[in-house]
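See below for the structure under consideration.
The values are calculated or read from the model by the stated rules, or taken from the named source; none is laboratory data. Just so it is clear, the model here is predicted, and its values are computed rather than measured. With ideal geometry, Cβ positions are generated from the backbone for all residues, glycine too; neighbour counts draw on all protein chains shown.
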Amino acid sequence: MTRAVFLDRDGVINRAIVRNGRPFAAESLEPARNSAGRAEALERLRASGYLNIVVTNQPDVGAGKIARPPSRRIHAHLLKELPIDA
């Protein structure tokens, strides 16, 4: 049996963006670049036999408030830079 851990993208893998007490989706790579210790934590999970799977719900994309391309660029960056399996 394969074990996996599911991690939320915004606020767990990326630095959370909060304005007026409300969370917002990242629209650039900046929050994805500055989350200290996350690569090491993901490596420890992987070394313990877990797949690292990042999940995200993006209501702002679904509502048309932000476009999909920034979200896709963030996903591609995270997959390239971090030990993420899916």
Subset of the stretch 43-86 [surrounded by 14 or more Cβ atoms within 10 Å (Cβ to Cβ), within 22 Å of residue 23 (Cβ to Cβ) and either aliphatic (A, V, I, L, M) or touching a His at 6+ places or on another chain (Cβ under 7 Å) (or both)] = 54, 61, 66, 74, 78, 82, 84
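Answer yes or no: is there a residue in the stretch 45-64 that is modelled with pLDDT of 80 or more, β-branched (Val, Ile, Thr) and over 15 Å from the mean Cα position of the chain (by Cα). Steps first, please.
First pass over the stretch 45-64, keeping only residues modelled with pLDDT of 80 or more: 45-56.
Pick out the ones that are also β-branched (Val, Ile, Thr) and you get 53-56.
Next, only the ones that are over 15 Å from the mean Cα position of the chain (by Cα) stay: none.
No, that holds for no residue.
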